[in-house]
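> One structure coming up, written as structure tokens, with questions to follow.
The values are calculated or read from the model by the stated rules, or taken from the named source; none is laboratory data. Because the structure is a prediction, the values reported are computed rather than measured. Note: ideal-geometry Cβ built from the backbone for every residue, glycine included; neighbour counts use all protein chains shown. Just so you know, the surface numbers come from the protein's heavy atoms only, side chains and all, with ligands and any DNA or RNA stripped out. Shrake-Rupley method; radii C 1.70, N 1.55, O 1.52, S 1.80 Å.
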Amino acid sequence: MKNKTDLSMIVLEYTYRCNSSCIFCYNCWKNDYDVVPELSVDEWKPIIHKLPPVKRITISGGEPLMRDDLPDLIDLLKERTKYVSVLTNGTLLDDRWARMFKEKEVFVQVPLHGLERNHDLLVGMTGGFRKAVKGIAYLNRNMVDFAVSVVGNKKNIGEIRKIFELAVALGASELLAIRFIPGGEGLRNLDLMMDAKEYETFLSEFDRVLNRYRLFGALGIPNIPCKFPEKGYKALYFSGCTAGVDWLALDPAGRVRVCNHSPTIIGDLREQTFGKVWNHPLLRAFRKHKVVPEECRGCDKVDTCLGGCRAAAQTLHGDWKAHDPLFDLR
């Protein structure tokens, strides 16, 4: 049985607010979700103090730069981890933010989902691409280490290699490739789902760029190796999802979810101890691999694969044990 010392990462969704309108956005509050007021930094303090020390805390949203007290939150989180990262769409970045990230040794992740026209279309913001690229320039000017992430989907697969190469040219030290999965706003845009051939292109082009430029890159959503074999790739790092096993998500009100892609709230750290939440039956089921499709049981890779993304299965089919949509691609 995993205990609290095995928690290594937390995704903290600091705000519901965002200045983008991404058509693939997975934020669960885009659908039927109990939205309650965001916590102040002072209200976060007793929650953060309940947590054991961890290797990494990632601040996301929404758009975290929409909260002026973000620097105070970072200082608070540094009491529990040495490594804090911030996921931002980049459009609000300026010298002030970049200097702060440098001073506080924060790693930043900025998404680029297409070349200019396509990026703006996907994020629902005119000028979004140019603002994000300008934001990256501020990071470079202040020598802030950053990664670029890309959500691969049917609308950008035709330019996917150019997007990855642009990220390299802009100075990203790491790349993150995330396949589109249903959730949030994405449930209303299921036509963004890639087919099997497009997904294979997504993987191969990512691997090609990583190998050519000798960069580290990983998949943000796990692959299913029995459907899409992982042999033959030269640089792409494959790993299974460990949500509920060694990491959790906290929503803007301090409530706990298995991961940031799942809408299921399993606890509330304003009212419960960490130990109580950590031993929730759903988390125990994740650790014992009881939330996998029937045909995955007994597989020698189930401990790392879990049959793909369990949150995608639950969100799309209402069942943790259902198929990740990747499993049924044709």
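> Just one of F101, F107 is buried (at least 23 other Cβ atoms within 10 Å of the Cβ) and over 19 Å from I181 (Cα atoms); which is it?
Among F101, F107, only F101 is buried (at least 23 other Cβ atoms within 10 Å of the Cβ) and over 19 Å from I181 (Cα atoms).
> Of the residues P46, P71, only one is within 30 Å of L122 (Cβ to Cβ) and part of a helix (DSSP H, G or I); which?
Checking each option against the conditions leaves just P71.
> Examine region 210-218 for a residue that is open to solvent by less than 10 Å² (accessible area, probe 1.4 Å), at pLDDT 95 or above and either farther than 20 Å from L329 by Cβ or not charged (D, E, K, R) (or both), and state whether such a residue exists.
yes
> Quick check on D120: is it open to solvent by 10 Å² or more (accessible area, probe 1.4 Å), over 23 Å from N260 (Cα atoms) and within 19 Å of the chain's Cα centre (by Cα)?
Numbers: open to solvent by 10 Å² or more (accessible area, probe 1.4 Å): yes; over 23 Å from N260 (Cα atoms): yes; within 19 Å of the chain's Cα centre (by Cα): no.
No; evaluated as a whole, the condition is false for this residue.
> Given the criterion assigned to a loop (DSSP other than H, G, I, E, B), hydrophobic (A, V, I, L, M, F, W, C) and at negative phi, identify the matching residue among A285, A235.
A235
> Restricting to region 256-279, and then to whatever is in contact (Cβ under 8 Å) with a residue 40 or more places away in the chain and in a helix (DSSP H, G or I), can you tell me which residue is nearest to V292 (Cα to Cα)?
For region 256-279, the residue satisfying everything is W278.
> Which residues, taken from region 1-50, are over 22 Å from P263 (Cβ atoms), open to solvent by less than 40 Å² (accessible area, probe 1.4 Å) and touching a residue at least 40 places away in the same chain (Cβ under 8 Å)?
Once the filter is applied, which keeps residues that are over 22 Å from P263 (Cβ atoms), open to solvent by less than 40 Å² (accessible area, probe 1.4 Å) and touching a residue at least 40 places away in the same chain (Cβ under 8 Å), region 1-50 yields only S8.
Table: residues versus (1) of a type in the set (D, E); (2) farther than 26 Å from P53 by Cβ; (3) within 21 Å of the chain's Cα centre (by Cα).
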position: C259; (1), (2), (3): no, no, yes
position: S262; (1), (2), (3): no, no, yes
position: E271; (1), (2), (3): yes, no, no
position: W278; (1), (2), (3): no, no, yes
position: K288; (1), (2), (3): no, no, no
position: V291; (1), (2), (3): no, yes, yes
position: G298; (1), (2), (3): no, yes, no
position: D303; (1), (2), (3): yes, no, yes
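> Could you list, in sequence order, all residues of region 192-205 that are assigned to a helix (DSSP H, G or I), open to solvent by 50 Å² or more (accessible area, probe 1.4 Å) and acidic (D, E)?
E200, the sole residue that qualifies.
> I would also like to ask the following. Restricting attention to region 292-330, which residues are free of Cβ contacts under 8 Å to residues at least 40 places away in the same chain, more than 20 Å from T264 (Cβ to Cβ) and part of a loop (DSSP other than H, G, I, E, B)?
R297, G298, D300 - these are the residues of region 292-330 that are free of Cβ contacts under 8 Å to residues at least 40 places away in the same chain, more than 20 Å from T264 (Cβ to Cβ) and part of a loop (DSSP other than H, G, I, E, B).
> Also: If R80 satisfies every condition in (1) touching a Leu at 6+ places or on another chain (Cβ under 8 Å); (2) among the charged types (D, E, K, R); (3) open to solvent by less than 50 Å² (accessible area, probe 1.4 Å) but one, which is the exception?
(3)
> Shifting gears a bit: Of all residues in region 169-191, which are surrounded by 19 or more Cβ atoms within 10 Å (Cβ to Cβ) and not in a loop (DSSP other than H, G, I, E, B)?
Within region 169-191, L175, L176, A177, I178, R179, G184, G186 qualify.
> Turning to a different aspect of this structure: Taking A253, is it surrounded by 15 or more Cβ atoms within 10 Å (Cβ to Cβ) and assigned to a strand (DSSP E or B)?
When the stated conditions are applied, A253 does not pass them.
> Can you pull out every residue in region 51-68 that is in contact (Cβ under 8 Å) with a residue 24 or more places away in the chain, in a loop (DSSP other than H, G, I, E, B) and either surrounded by fewer than 16 Cβ atoms within 10 Å (Cβ to Cβ) or of a type outside the set (D, E, K, R) (or both)?
Passing the criteria: L51, P52, P53, V54, K55, G61, G62.
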